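Step one of this worksheet: look at the structure below.
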Amino acid sequence: MGVALQLLMHPERASGVRDLARAVGCSPSSAHAALSKLRDAALVEPDGRPLVPALFWATADAWHPVRTPVAREPLPGDLDIDLGFDDAHSGWVVSGNVAAAAWGAPLAVGSASPPDLYVPAMRDLRQATRKLGAASWADRAATVSCTGIAAVTSERTMRHQPLATPWLHWPLAHPVVVALDLAQDRSRGVEILEGWKSPDGYRRVW
């Protein structure tokens, strides 16, 4: 999954095994095995570039983040939770519908929309659920999740559409991560993806 995500995030690159291993944080042999499996499934070009949108939809089929609802949304001033805003490498990001709207996807969200947040590590997830309190899905103020894939929380940006989400203070997950979340809703989510042009500086892979 980490290799597939790297390929989708940087589809213009002819990625080598060592570059992929470094980006994903795995051994070159593991990256080679993953790349070979993707090639065998006809999802990657011989030179290492992804076949899109086939690789995106195959990844979406296996993309099942477990979201934990919490009673309150953390704020930038929370001193007892490490949100990683000042970390140059990794930190909390927002994805899902809120991030999609911020990236310019054709859907509307409001400031009361519960954000779907990703955290870098399981220890962050445990801390978040303890500090923010448990909630039912209906009463959630936000959700938190950890995929274990470094790029989900390291490939982030503060850029967003001010007219769509002027209240948003979270860094945005990469558009590919946001698109994978949208793709989990095979009706409304797929419809949104069909009308979502790739943000400036990113290539559409869905």
The residue from 66, 70, 93 that alone is touching a Ser or Thr at 6+ places or on another chain (Cβ under 7 Å), touching a residue at least 12 places away in the same chain (Cβ under 8 Å), open to solvent by 10 Å² or more (accessible area, probe 1.4 Å) and closer than 21 Å to residue 142 by Cβ is 66
Taking the range 125-143 and keeping only residues that are in a loop (DSSP other than H, G, I, E, B) and either under 10 Å from the mean Cα position of the chain (by Cα) or surrounded by fewer than 16 Cβ atoms within 10 Å (Cβ to Cβ) (or both), one is left with 133, 136, 137, 138, 139
Self-check item: Test: residue 104 is in contact (Cβ under 8 Å) with a residue 60 or more places away in the chain and at positive phi
Solution: yes
request  = Confirm whether residue 108 is at pLDDT 95 or above and of a type in the set (A, V, I, L, M).
outcome  = no
In the set 166, 175, the lone residue that is touching a Pro at 6+ places or on another chain (Cβ under 9 Å) and either in contact (Cβ under 8 Å) with a residue 60 or more places away in the chain or at negative phi (or both) is 175
Taking the range 190-206 and keeping residues assigned to a helix (DSSP H, G or I) and buried (at least 21 other Cβ atoms within 10 Å of the Cβ) leaves 193
Out of (1) surrounded by 21 or more Cβ atoms within 10 Å (Cβ to Cβ); (2) in contact with a Cys (Cβ under 7 Å, 6 or more places away or on another chain), the one residue 121 does not meet is (1)
Among the residues of the range 7-20, the number that are surrounded by fewer than 24 Cβ atoms within 10 Å (Cβ to Cβ) and assigned to a helix (DSSP H, G or I) is 5
Scanning the range 21-63 for residues that are over 14 Å from residue 8 (Cα atoms) and of a type in the set (S, T, N, Q), the one surrounded by the most Cβ atoms within 10 Å (Cβ to Cβ) turns out to be 30
- Does residue 66 fit the bill of being under 14 Å from the mean Cα position of the chain (by Cα), of a type in the set (A, V, I, L, M, F, W, C) and outside any loop (DSSP other than H, G, I, E, B)? no
Flagged in the range 180-189 as farther than 24 Å from residue 89 by Cα and outside any loop (DSSP other than H, G, I, E, B), in numbering order, are 182, 188, 189
Of the residues in the range 144-179 that are in a strand (DSSP E or B) and over 8 Å from the mean Cα position of the chain (by Cα), the one that is surrounded by the fewest Cβ atoms within 10 Å (Cβ to Cβ) is 157
Picking from 142, 128, 164, 105, the residue that is of a type in the set (Gly, Ala, Ser) and under 24 Å from residue 58 (Cβ atoms) would be 105
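The values are calculated or read from the model by the stated rules, or taken from the named source; none is laboratory data. These figures come from a predicted structure and were not determined experimentally. All Cβ positions, glycine included, derive from the backbone under ideal geometry; neighbour counts span all protein chains shown. To get the accessible areas, we keep the full protein, side chains included, count just its heavy atoms, and leave off ligands, DNA and RNA. Shrake-Rupley method; radii C 1.70, N 1.55, O 1.52, S 1.80 Å.
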